[in-house]
Amino acid sequence: MLTASEIVSAVLEGVYSAQEITESFIARTEKIEPFVSAWTARDNEYLRWQAAEIDARTIKGPYAGVPFGIKDVFNTEVLPTQMGSPVWKGHRAGNDARCVANIKWMGGLVAGKTDTAEFAVHAPGKAVNPYNPSHITGTSSGGSAVAVATAMVPAALGTQTAGSAIRPASWCGVYAMKPSFGLIPRTGVLKTTDTLDNIAFFGRSIADLRLVLESIRLRGENYPFIKRNFVDEPEKTSWRVGLYRSHLWKHAPEYARNALVEFAKQLNSVPGISVDVCAFPEKTFTAHELHSRIYNPCLSYYFREEIEKEPEKISPCFMDLVNDGEKYSPEDYKLALREQELLSHTVHETVLDKGFDFILCLSSNGSAPVGVEPIPIMDINLFWTLCWMPAVNVPVFKCPVGLPFGAQFTSARYNDLHLLSFLSYLVQNKIIPASAPVAEPQEIICNDNSQQEHNKSLVIGN
């Protein structure tokens, strides 16, 4: 039940060895995995070998024996990388993605590969919601969210191209962060788009998110743009938060809207925090259409070889996106990229000109819906992805029948450390939990019939 940061302290202080930590998580996984199907590949002996190597080191590193789940779109040297598709079944990359290599160099352990959607897009994988198996996880990074929510690992890597890290974290009740675009290297990770793909990660505490971010982000003279723009933690004692009830607000059920408004009132009562309603110009309301104009052409381009070689192994919903993408010319795509940049500038200027440090909104349209069929998504997540902004899911809400969903905080690009410091302040003031609760999947806490009606407005996507 230890968080990643607690494990590091325990190993470095000699309270537990990395091997003892590993055996605990292996036992937990053997117990829980049959209920949730969060993993696509595991090797307990390989995990034990890694732990023994850490115990043998004089300098153990900042991850010191922490087992990580790795979404199955990241290359891994030992375990297969199959990208959620039968086209790549059994594929072994033979190398580690750069951020996976960083984790290993710093003492982290590769616990296994987590379930993902087909090519990290829409057709869902096999993982199920740990609070009720008839409910979905949120698609693409769902396996990583489930693995952390059930304490089979304390931390996991994921990706987000629209909302596929923040939404699963919301529906599985854990912390997750999508950092500023470009802050974490994507080398050795499946590409779906050039200007939307983000490395993301899951943990059970804000301290866990900070631990991962600070260890794998790019920094130094070789990255002058990041060095010039990345914001150090400011010395602040007051913050202004914008409550954002977007044009998609109507798609969230009443219980979710009420929960967010009440949460904003709680925030407003904390010393040093003021909350005001935030609005963006109407021209930003076309974000979903703009996302499709960038995303779908990229899918048709980057997956042409898989489609041509083995079309029978490609899902119908993936082909629908590819066929839509074929409609756009290179000029249309370039125009969409320019519009993305303008949208990002508009949103950032609105946030900064109105003096907001952070924006507060829902992480998802309430709790996870029943079913597995992919249908169009109408939540706010892709808006922040398009604008290259950092975002964090905070597990603070439950729906009327007990399933979790989250609040989301975002900020200006490269304001990541400021955002995490603010959330640590909320932990100190007991506004958000010090650690996310652990799901026990064998306990079914939701009546499916009672969920059907309020889930009609809930939809999923990447």
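The values are calculated or read from the model by the stated rules, or taken from the named source; none is laboratory data. Source: prediction; values computed, not measured. Note: ideal-geometry Cβ built from the backbone for every residue, glycine included; neighbour counts use all protein chains shown.
Only one of (1) modelled with pLDDT of 95 or more; (2) more than 24 Å from residue 122 (Cα to Cα); (3) among the aliphatic types (A, V, I, L, M) fails for residue 336. Which number is that?
All conditions pass for residue 336, except number (2).
Considering 334, 313, which residue is in contact (Cβ under 8 Å) with a residue 60 or more places away in the chain and of a type outside the set (Phe, Trp, Tyr)?
Answer to the check: 313.
Checking residue 64 against (1) within 16 Å of residue 149 (Cα to Cα); (2) among the aliphatic types (A, V, I, L, M); (3) out of contact with any strand residue (DSSP E or B) (no Cβ under 7 Å at 6 or more places or on another chain), which single condition isn't satisfied?
(1)
May I ask you to list the residues in segment 239-280 that are at pLDDT below 95 and of a type in the set (Gly, Ala, Ser)?
246, 252, 279
Being part of a loop (DSSP other than H, G, I, E, B) and either of a type in the set (Lys, Arg) or farther than 27 Å from residue 219 by Cα (or both) narrows it down to one of 129, 95, so name that one.
Selected residue: 129, the only one of 129, 95 that is part of a loop (DSSP other than H, G, I, E, B) and either of a type in the set (Lys, Arg) or farther than 27 Å from residue 219 by Cα (or both).
Considering every residue within segment 32-41, establish whether at least one is without any contact (Cβ under 8 Å) to a residue 24 or more places away in the chain and over 12 Å from residue 109 (Cα atoms).
For segment 32-41, residues without any contact (Cβ under 8 Å) to a residue 24 or more places away in the chain and over 12 Å from residue 109 (Cα atoms): present.
When segment 62-79 is examined, which residues are found to be surrounded by 18 or more Cβ atoms within 10 Å (Cβ to Cβ) and farther than 17 Å from residue 49 by Cα?
70, 71, 72, 73, 74, 75
Among residues belonging to segment 322-338 that are within 30 Å of residue 411 (Cα to Cα) and either within 25 Å of the chain's Cα centre (by Cα) or not acidic (Asp, Glu) (or both), point out the one that is surrounded by the most Cβ atoms within 10 Å (Cβ to Cβ).
Among those residues, the one meeting the criterion is 336.
Give all pairs with beta carbons closer than 6 Å in which a residue from segment 415-433 that is polar (S, T, N, Q) meets a residue that is assigned to a helix (DSSP H, G or I); count only pairs at least 6 apart in sequence or on separate chains.
424/206
Being within 17 Å of residue 7 (Cβ to Cβ) and buried (at least 22 other Cβ atoms within 10 Å of the Cβ) is the filter here; which residues of segment 96-110 pass it?
Result: 103, 107, 108, 109, 110.
Can you pull out every residue in segment 40-49 that is of a type outside the set (D, E, K, R), closer than 23 Å to residue 146 by Cα and out of contact with any Asp or Glu (no Cβ under 6 Å at 6 or more places or on another chain)?
Correct list: 41, 44, 46, 47.
I'd like to know if segment 361-370 contains one or more residues that are farther than 18 Å from residue 273 by Cα and free of Cβ contacts under 8 Å to residues at least 40 places away in the same chain.
For segment 361-370, residues farther than 18 Å from residue 273 by Cα and free of Cβ contacts under 8 Å to residues at least 40 places away in the same chain: absent.
Check whether at least one residue in segment 10-29 is closer than 23 Å to residue 436 by Cβ, assigned to a strand (DSSP E or B) and not acidic (Asp, Glu), and report yes or no.
No: zero hits.
Results for (1) farther than 30 Å from residue 410 by Cβ; (2) surrounded by 13 or more Cβ atoms within 10 Å (Cβ to Cβ); (3) in contact with a helix residue (DSSP H, G or I) (Cβ under 6 Å, 6 or more places away or on another chain), shown as yes or no for each residue.
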position	(1), (2), (3)
288	no, yes, no
299	no, yes, yes
307	yes, yes, no
317	no, yes, no
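If the requirement is being small (Gly, Ala, Ser), within 22 Å of residue 209 (Cα to Cα) and at pLDDT 95 or above, which of these qualifies: 38, 56, 52? Don't jump to the end; show me each part of the working.
Details: 56 fails: within 22 Å of residue 209 (Cα to Cα); 52 fails: within 22 Å of residue 209 (Cα to Cα).
Only one candidate qualifies: 38.
Wholly within segment 166-253, which strands (runs of 3 or more DSSP E) include no fewer than the required count, namely at least 3 residues that are out of contact with any Phe, Trp or Tyr (no Cβ under 8 Å at 6 or more places or on another chain) and among the hydroxyl-bearing types (Ser, Thr, Tyr)?
Qualifying strands (runs of 3 or more DSSP E): none found.
Take residue 113 and tell me if it is basic (Lys, Arg), touching a residue at least 60 places away in the same chain (Cβ under 8 Å) and surrounded by fewer than 22 Cβ atoms within 10 Å (Cβ to Cβ).
no
Would it be correct to say that residue 225 is surrounded by fewer than 20 Cβ atoms within 10 Å (Cβ to Cβ) and either among the hydrophobic types (A, V, I, L, M, F, W, C) or under 14 Å from the mean Cα position of the chain (by Cα) (or both)?
Values: surrounded by fewer than 20 Cβ atoms within 10 Å (Cβ to Cβ): yes; either among the hydrophobic types (A, V, I, L, M, F, W, C) or under 14 Å from the mean Cα position of the chain (by Cα) (or both): yes.
Against the criterion (surrounded by fewer than 20 Cβ atoms within 10 Å (Cβ to Cβ) and either among the hydrophobic types (A, V, I, L, M, F, W, C) or under 14 Å from the mean Cα position of the chain (by Cα) (or both)), residue 225 qualifies.
Kindly indicate whether residue 462 is over 20 Å from residue 207 (Cα atoms), in contact with a strand residue (DSSP E or B) (Cβ under 9 Å, 6 or more places away or on another chain) and modelled with pLDDT under 95.
Here the answer is yes, as residue 462 does meet what is asked.
If I filter segment 357-395 down to residues being among the hydrophobic types (A, V, I, L, M, F, W, C) and surrounded by fewer than 21 Cβ atoms within 10 Å (Cβ to Cβ), which single residue comes out as modelled with the lowest pLDDT? Even if it seems obvious, please write down each step before you answer.
Let us first name the residues in segment 357-395 that are among the hydrophobic types (A, V, I, L, M, F, W, C), namely 358-362, 368, 370, 372, 375, 377-378, 380, 382-384, 386-389, 391-392, 394.
From what is left, the residues that are surrounded by fewer than 21 Cβ atoms within 10 Å (Cβ to Cβ) are 370, 372, 375, 378.
Working: 370: 88, 372: 58, 375: 50, 378: 73.
Checked segment 357-395; the qualifying residue modelled with the lowest pLDDT is 375.
Inspect segment 90-105 for any residue being farther than 20 Å from residue 386 by Cβ, among the acidic types (Asp, Glu) and touching a strand residue (DSSP E or B) at 6+ places or on another chain (Cβ under 9 Å) and give the result as yes or no.
Yes.
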